[in-house]
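What follows is one structure encoded as structure tokens, with my remarks underneath.
The values are calculated or read from the model by the stated rules, or taken from the named source; none is laboratory data. Predicted model only: the values in this text are computed from it and were never measured. Every residue, glycine as well, gets a Cβ built from its backbone with ideal geometry; the counts of neighbours run over all protein chains shown. Accessible surface is based on the protein model in full, side chains and every heavy atom, while ligands, DNA and RNA are left aside. Shrake-Rupley method; radii C 1.70, N 1.55, O 1.52, S 1.80 Å.
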Amino acid sequence: MKHTLLANGHRIAFRHDGPADGLPLVLLHGFCEDSSVWDDFLPRLNGLQIVRVDLPGFGGSALPLSPGMDVYADAVCAVLNDLSIERCVLVGHSMGGYTALEFAEKFPERLTGLGLFHSHPFEDSPERREGRRRGIETVQSGKRDLYVAQLFPNLFAEKFAKANPGLINKLIDKGKRQSAEGIVAALEGMLARKNHSETLRNSAFPVLFLLGSEDSIVQVEQGLQAVVLPDIADIHVLPGTGHMGMFESPEKCAEIVRGFWEFCARK
Ligand code: MLT
């Protein structure tokens, strides 16, 4: 069910599904997506209370006041406050994982578990920064649609992408409905984000790492460098999977997320 709230005069859209009790699982979407990216995945998490947030500038949420993962983290916190949720398991896909790490630093007491779903705690490499700057230029020059059309096919393992053009076109169409300003703010926010190794080192909660063996955005080697940081880590590398495990390996991903949630709920 879709809801909106106003935080500091700004609209934040979110979805709240499943039972109203039990440890909430909060799912955050990645870049150029919104909370609907989890739609097909959700039935696999049947029985859990699930909150999905449209990060500022995406879906039904207003543009962020300024770019930054901290602004996204504040929006997630505003949704939890609105729902009177004190603690949750927070799982973020890629840029959603960068947001979840920022949330973990700002509001550690609100977390029972943190999930990095094709994500990692490190800052951008110089090459990645350059790519983001080029992306900002492209989108600001009015080529948002081209940018989005080039983005999505690269998120999947090659074999899966070839076999599923319909799904990729659907994601591209949805991506084209995100505003150019929201996309630019996300690129600027990711460009400026900091290294969250310390956040993981200091974590008093279990951390899930879900990686894809064919992910070209968050490579396995990079993800595995982070798994030694927290005290308690749940580590999975999905074979033949790119950056979009919720579509590429949905059954396995759901089993992993549910297993992590159960572990956190028992603690
Ligand atoms: C995402 O899927 O959120 C982005 O690809 C993350 C990134 O560009 O680092």
Within the stretch 89-110, the count of residues that are surrounded by 22 or more Cβ atoms within 10 Å (Cβ to Cβ) and either in a helix (DSSP H, G or I) or not hydroxyl-bearing (S, T, Y) (or both) comes to 15
Residues that are open to solvent by 10 Å² or more (accessible area, probe 1.4 Å), over 17 Å from the mean Cα position of the chain (by Cα) and within 15 Å of F247 (Cβ to Cβ): does the stretch 39-47 have at least one? yes
So which residues in the stretch 111-150 are open to solvent by 10 Å² or more (accessible area, probe 1.4 Å), more than 12 Å from the ligand (Cβ to nearest atom) and touching a residue at least 40 places away in the same chain (Cβ under 8 Å)? T112, R133, I136, Q140
When you scan the stretch 240-252, do you find a residue that is away from the ligand (no atom under 16 Å from the Cβ), exposed (fewer than 14 other Cβ atoms within 10 Å of the Cβ), free of Cβ contacts under 8 Å to residues at least 40 places away in the same chain and over 18 Å from the mean Cα position of the chain (by Cα), even just one? no
Failed item, numbered, when S84 is tested on (1) away from the ligand (no atom under 16 Å from the Cβ); (2) in contact with a strand residue (DSSP E or B) (Cβ under 6 Å, 6 or more places away or on another chain); (3) among the hydroxyl-bearing types (S, T, Y): (2)
Hits in the stretch 27-82 (condition: part of a loop (DSSP other than H, G, I, E, B), of a type in the set (D, E, K, R) and either under 17 Å from F103 (Cβ atoms) or in contact with a Cys (Cβ under 9 Å, 6 or more places away or on another chain) (or both)): D54
Is there any pair linking a residue in the stretch 20-35 that is within 11 Å of V51 (Cβ to Cβ) and of a type in the set (K, R) to one that is open to solvent by 10 Å² or more (accessible area, probe 1.4 Å) and within 13 Å of the ligand (Cβ to nearest atom), with Cβ under 8 Å and at least six apart or on different chains, and which? none
Quick count over the stretch 111-129, residues being touching a strand residue (DSSP E or B) at 6+ places or on another chain (Cβ under 7 Å) and of a type outside the set (S, T, N, Q), is 7
Of (1) under 18 Å from the mean Cα position of the chain (by Cα); (2) of a type in the set (A, V, I, L, M); (3) open to solvent by less than 50 Å² (accessible area, probe 1.4 Å), L63 satisfies every one except (3)
Can you find a residue that is closer than 30 Å to L23 by Cβ and open to solvent by 20 Å² or more (accessible area, probe 1.4 Å) anywhere in the stretch 159-175? yes
